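Shown next, in structure tokens, is the structure this report addresses.
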Amino acid sequence: MSKLLTRRKFIAGAAAASLLAGCDSHPITGFLGAMKDWNQGFEGAIFSPARMAPELPPSAATPEAAFPAYFISDEMPDVPDNWSLTVGGLVDHPMTLTLDQLRELPGTAMCVRHHCVEGWSAVAAWHGVRLSDVAKLAGPRAGVRYVEFKSFDEGYWSSWDLGSAMHPQTLLAYGMNGHDLAVGHGAPLRVYSAVKLGYKMVKYLTEVNFLAANTGGYWENQGYDWFGGV
Ligand SMILES: Nc1nc2c(c(=O)[nH]1)N[C@H]1C(S)=C(S)[C@@H](COP(=O)(O)O)O[C@H]1N2
Ligand SMILES: [Mo]
């Protein structure tokens, strides 16, 4: 399969994702059919139901002007023209996804509290696609144990344990509080999760890589806890 997912194949993929999301009364065809040879045990282990972290009503959201925007670049990063997300590593179907393609996937939203190790916390609703749905399209291989996230912000990156990455409350988020993600908060796409501390949630995302090895992270390599759970 080509690196660039064609629109037709992508739509088949989106259909496969919604089938996998729980409606499996349809015949297994196309992209989903191609995935039937997955290692079933591995699939069960990584996409098994997880305990859900507490969510808050959208009315609990912090006024946005009071929600810090934090990035390591000296100035707010410039969103590259023709931005796209690369999904690769040890996967059967490496992909390059545009923002429109991501928006066509089944989406979800959650309102949760953000915890930064520097001592602040704030609440927002985040909108996007479950990383586990993107993983189902990419088809991680049995040796995968980690997921690495890279950004266009001065090389900021993080790597996660596969279980946290596949948690149903771990999103590739393109929206916040009902509108598009602002550049300050990581546009066009960031990781957002109810189960991790702020520094694990890479903004300005460019790459998601499914890997056998732990590749550390920007803050993790300077002493912050690598797991970084909430
Ligand atoms: N690319 C990138 N992602 C990043 C950071 C960063 O500097 N660059 N900072 C992290 C930290 S420490 C926190 S607390 C959150 C902040 O997210 P916010 O700016 O939306 O509040 O982003 C995380 N993701
Ligand atoms: Mo942070």
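Figures for the structure shown
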| quantity | calculated |
| --- | --- |
| Lone qualifier among 173, 213 - being assigned to a strand (DSSP E or B) and either under 12 Å from the mean Cα position of the chain (by Cα) or under 21 Å from residue 141 (Cα atoms) (or both) | 173 |
| Hey, residue 148 of a type in the set (Asp, Glu), away from ligand 2 (no atom under 16 Å from the Cβ) and surrounded by 19 or more Cβ atoms within 10 Å (Cβ to Cβ) or not | yes |
| Residue check for residue 54: away from ligand 1 (no atom under 16 Å from the Cβ), in contact (Cβ under 8 Å) with a residue 12 or more places away in the chain and more than 18 Å from the chain's Cα centre (by Cα) | yes |
| Hits in the range 191-230 (condition: of a type outside the set (Val, Ile, Thr) and under 16 Å from residue 123 (Cβ atoms)) | 192, 193, 194, 196, 197, 198, 201 |
| Residues satisfying the stated conditions in the range 119-162, i.e. more than 16 Å from ligand 1 (Cβ to nearest atom), assigned to a strand (DSSP E or B) and closer than 18 Å to residue 226 by Cα | 146, 161 |
| Filtered residue count, the range 57-85, keeping only those that are outside any loop (DSSP other than H, G, I, E, B) and touching a residue at least 12 places away in the same chain (Cβ under 8 Å) | 5 |
| Count of the range 179-224 residues which are among the hydrophobic types (A, V, I, L, M, F, W, C), crowded, with 22+ Cβ neighbours inside 10 Å and within 14 Å of ligand 2 (Cβ to nearest atom) | 3 |
| Single condition residue 101 does not satisfy, out of (1) modelled with pLDDT of 95 or more; (2) more than 16 Å from ligand 1 (Cβ to nearest atom); (3) over 15 Å from the mean Cα position of the chain (by Cα) | (3) |
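The values are calculated or read from the model by the stated rules, or taken from the named source; none is laboratory data. Because the structure is a prediction, the values reported are computed rather than measured. Glycine gets a Cβ as well: all are built from the backbone with ideal geometry, and neighbour counts include every protein chain shown.
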